[in-house]
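Structure, as structure tokens:
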């Protein structure tokens, strides 16, 4: 696997790709550098999340354990 990493300080509207990757299957990931997505603490980040869905949507299923082991001997 060959990785190519390039940091662009001023992102243009169009970017060029190296000729050796033309006509190949690639994955392109854009990540903004130097920006915090949420200010403050982890607790404040959780509080900033939108209040959607019902609590039942996020409930864990009840665990009944493995039960009795039955051996087929």
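Coordinate-derived values only; no laboratory data. Bear in mind that the values here come from a model prediction, so they are computed numbers and not experimental data. Every residue, glycine among them, receives a Cβ derived from its backbone with ideal geometry; neighbour counts consider all protein chains shown.
Does residue 64 qualify as being assigned to a loop (DSSP other than H, G, I, E, B), closer than 30 Å to residue 2 by Cβ and out of contact with any strand residue (DSSP E or B) (no Cβ under 8 Å at 6 or more places or on another chain)? Show your work before the answer.
Working: assigned to a loop (DSSP other than H, G, I, E, B): yes; closer than 30 Å to residue 2 by Cβ: no; out of contact with any strand residue (DSSP E or B) (no Cβ under 8 Å at 6 or more places or on another chain): yes.
Judged against the criteria, residue 64 is not a match.
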Only one of these is more than 20 Å from the chain's Cα centre (by Cα) and at negative phi: 42, 64, 58, 30. Name it.
64
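Just one of 46, 3, 32 is free of Cβ contacts under 8 Å to residues at least 12 places away in the same chain, exposed (fewer than 10 other Cβ atoms within 10 Å of the Cβ) and not in a loop (DSSP other than H, G, I, E, B); which is it?
Values: 3 fails: not in a loop (DSSP other than H, G, I, E, B); 32 fails: not in a loop (DSSP other than H, G, I, E, B).
One residue alone meets the criteria, 46.
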